[in-house]
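Asks: I'd like to ask you about the structure that follows.
The values are calculated or read from the model by the stated rules, or taken from the named source; none is laboratory data. Keep in mind the model is a prediction, meaning the values are calculated, not measured. Glycine also receives a Cβ, built like all others from the backbone with ideal geometry; neighbour counts cover every protein chain displayed. Ligands, DNA and RNA are excluded from the accessible area calculation, which covers all protein heavy atoms including side chains. Shrake-Rupley method; radii C 1.70, N 1.55, O 1.52, S 1.80 Å.
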Amino acid sequence: MIQRTPTGIEAHLAEDGRSWQQHLSESITSPEILLQRLGLAPEEWLSGAQAGHQLFPIRVPEPFLARMRHGDPNDPLLRQVLPRQEESVRMPGYVRDPLAEDRAVQTTGLIRKYRSRALLMVTGQCAVNCRYCFRRHFPYDEQRLGASDRRQVIDTLSASPEINEVILSGGDPLAVNDRLLAQWAADLSAIPHIRRLRLHTRLPVVIPQRVCDALLKWLSQTRIPVVMVLHINHPAEIDPATRNALGYLRAAGVTLLNQSVILRGVNDNVAVLESLSETLFEAGVMPYYLHAFDPVEGAHHYDVADEEARTLVQGLLARLPGFLIPRLVREEPGRDGKTPINLFP
Ligand code: SF4
């Protein structure tokens with residue numbers, strides 16, 4: 001029998017022994033188990049976690065769980081995924097669709113908010129359910145792409161020469177298998193006016209094994225440049241396995257950027273944001289956006305006021321070179337792009 005020497009990526013996978021698909025299907029989906037695994041008292045946390053879980057199910061993959069501190073309910077990674085009682089409280093101004101995306105659907109699965117870019121929702125599935133997600137109420141079932149919708153998407157994009165970039169989103173587009181993603185990449189890059197393919201994903205962070213040979217193969221063979229915008233909110237999300245995975249993506253020619261959301265109790269601290277930018281840069285990822293909180297129903301307890309966000313970014317200006325300072329922006333429905341928040345009004 002011929003023994004193959006493991007390539008870099010195979011060796012990276014062997015450290016864990018599980019494929020990304022296994023990690024995805026074996027994620028924690030029960031509040032009781034999450035609390036138990038982290039040694040947190042159910043009498044204190046379970047009823048709030050169950051209430052939130054009824055509204056937006058809990059989902060935490062093992063590699064992400066492994067980076068949380070045992071016994072610490074305020075761990076910044078846990079704060080992003082553990083439902084709390086506050087989710088059941090309705091607050092004025094916090095709505096189900098804060099970015100009015102229902103008005104931006106152009107054809108099934110295709111959202112058009114800006115002139116030159118279109119968002120393609122290839123799946124509603126995510127590897128982790130972030131409690132603050134502005135799409136936590138999104139009707140993914142209505143946007144599920146069937147075979148005829150797929151043709152419609154390609155026809156719509158082909159007939160729209162002003163669109164030069166397609167963003168694969170979701171859900172998390174990397175929750176989809178590589179055969180299907182490679183097909184999308186081939187079809188989209190065959191449209192002459194499409195100049196870039198962008199992926200918005202959290203998967204290489206929460207399940208680094210997602211960066212496998214099949215993914216790297218189609219990413220490196222796509223005709224048009226690929227930009228991957230990761231979503232990392234705290235430096236502790238980047239562990240050695242994640243750093244490895246990001247290195248493989250860069251070696252495949254993918255441009256790596258990061259967007260964060262400013263979140264109460266997670267990264268509303270200048271030292272944490274400074275460390276996040278430095279850690280991203282060391283991992284080969286450029287900070288891109290720091291998003292003001294989108295007022296989604298069920299997540300008001302994460303909200304950080306613009307004034308405070310401004311002060312935090314002003315603090316970064318004194319600590320970091322300009323190229324490591326993410327742009328503080330807000331997304332406002334109906335605008336032509338993200339709205340920069342003025343740091344010195
Ligand atoms: S991974 Fe992204 S789309 Fe999915 S729940 Fe988290 S923030 Fe929302």
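Asks: Just to verify a result, which residue in the range 118-154, among those that are within 16 Å of the ligand (Cβ to nearest atom) and in a helix (DSSP H, G or I), is surrounded by the fewest Cβ atoms within 10 Å (Cβ to Cβ)? Show your work before the answer.
Replies: So the first thing to find is which residues in the range 118-154 are within 16 Å of the ligand (Cβ to nearest atom), and the list is 119-141, 143-144.
Still in the list and also in a helix (DSSP H, G or I): 140-141, 143.
Values: Y140: 16, D141: 7, Q143: 22.
Here the residue is D141.
Asks: Six or more apart or on different chains, Cβ under 7 Å: which pairs go from a residue in the range 123-134 that's among the aliphatic types (A, V, I, L, M) to one that's more than 7 Å from the ligand (Cβ to nearest atom) and outside any loop (DSSP other than H, G, I, E, B)? Could you list them?
Replies: Close Cβ pairs satisfying both conditions: A127/L24; A127/A175; A127/L203; A127/V206; V128/V60; V128/F64; V128/V81; V128/V206.
Asks: So, one more: Is there a residue being in contact (Cβ under 8 Å) with a residue 40 or more places away in the chain and either part of a helix (DSSP H, G or I) or more than 16 Å from the chain's Cα centre (by Cα) (or both) anywhere in the range 254-266? Give the steps one after another, and end with the answer.
Replies: Step one: filter the range 254-266 for residues in contact (Cβ under 8 Å) with a residue 40 or more places away in the chain, giving 258-266.
Adding the requirement that they be either part of a helix (DSSP H, G or I) or more than 16 Å from the chain's Cα centre (by Cα) (or both) leaves 264-265.
Scanning the range 254-266 turns up at least one residue that is in contact (Cβ under 8 Å) with a residue 40 or more places away in the chain and either part of a helix (DSSP H, G or I) or more than 16 Å from the chain's Cα centre (by Cα) (or both).
Asks: Would a scan of the range 155-170 turn up a residue that is assigned to a helix (DSSP H, G or I) and within 16 Å of the ligand (Cβ to nearest atom)? Give the derivation first.
Replies: Going through the range 155-170, the residues assigned to a helix (DSSP H, G or I) turn out to be 155-158.
Then drop every residue that is not within 16 Å of the ligand (Cβ to nearest atom), which leaves none.
No; the residues of the range 155-170 include none that is assigned to a helix (DSSP H, G or I) and within 16 Å of the ligand (Cβ to nearest atom).
Asks: Could you list, in sequence order, all residues of the range 175-184 that are within 19 Å of the chain's Cα centre (by Cα), more than 10 Å from the ligand (Cβ to nearest atom) and of a type in the set (A, V, I, L, M)? Walk me through how you get there before you give the answer.
Replies: Going through the range 175-184, the residues within 19 Å of the chain's Cα centre (by Cα) turn out to be 175-178, 181.
Now drop any that are not more than 10 Å from the ligand (Cβ to nearest atom), which leaves 176-178, 181.
Once the filter is applied, which keeps residues that are within 19 Å of the chain's Cα centre (by Cα), more than 10 Å from the ligand (Cβ to nearest atom) and of a type in the set (A, V, I, L, M), the range 175-184 yields V176, L181.
Yes/no per residue for (1) modelled with pLDDT under 95; (2) among the acidic types (D, E); (3) touching a Leu at 6+ places or on another chain (Cβ under 8 Å); (4) farther than 25 Å from C212 by Cα:
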position	(1), (2), (3), (4)
V229	no, no, yes, no
N244	no, no, no, no
D268	no, yes, yes, yes
S275	no, no, no, yes
P287	no, no, yes, no
A292	no, no, yes, yes
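Asks: Does any residue in the range 170-190 that is closer than 15 Å to C126 by Cα and touching a residue at least 24 places away in the same chain (Cβ under 8 Å) come within less than 9 Å, Cβ to Cβ, of a residue that is within 16 Å of the ligand (Cβ to nearest atom) and basic (K, R) six or more places away or on a different chain, and which pairs are these?
Replies: Note: pairs meeting the criteria are G170/R135; G171/R135; D172/R202; L174/R202; L174/R210; A175/R210.
Asks: Here is a list of conditions, (1) open to solvent by 40 Å² or more (accessible area, probe 1.4 Å); (2) outside any loop (DSSP other than H, G, I, E, B), and W184 meets all of them except one; can you say which number that is?
Replies: Looking at each condition in turn, W184 falls short on (1).
Asks: Next up: Test G298 against the criterion of being touching a helix residue (DSSP H, G or I) at 6+ places or on another chain (Cβ under 9 Å), surrounded by 21 or more Cβ atoms within 10 Å (Cβ to Cβ) and in the same structural domain as H137 (by TED's automatic domain parsing), and give yes or no.
Replies: For G298, the condition - touching a helix residue (DSSP H, G or I) at 6+ places or on another chain (Cβ under 9 Å), surrounded by 21 or more Cβ atoms within 10 Å (Cβ to Cβ) and in the same structural domain as H137 (by TED's automatic domain parsing) - is met.
Asks: Go over the candidates A292, A236, A245 one by one and state the one that is open to solvent by less than 10 Å² (accessible area, probe 1.4 Å) and in contact (Cβ under 8 Å) with a residue 60 or more places away in the chain.
Replies: Values: A292 fails: in contact (Cβ under 8 Å) with a residue 60 or more places away in the chain; A236 fails: open to solvent by less than 10 Å² (accessible area, probe 1.4 Å).
Going through A292, A236, A245 in turn, the sole match is A245.
Asks: Can you tell me which residue is nearest to T242 (Cα to Cα) among those in the range 199-215 that are away from the ligand (no atom under 14 Å from the Cβ) and crowded, with 21+ Cβ neighbours inside 10 Å?
Replies: Going through the qualifying residues, I end up with P208.
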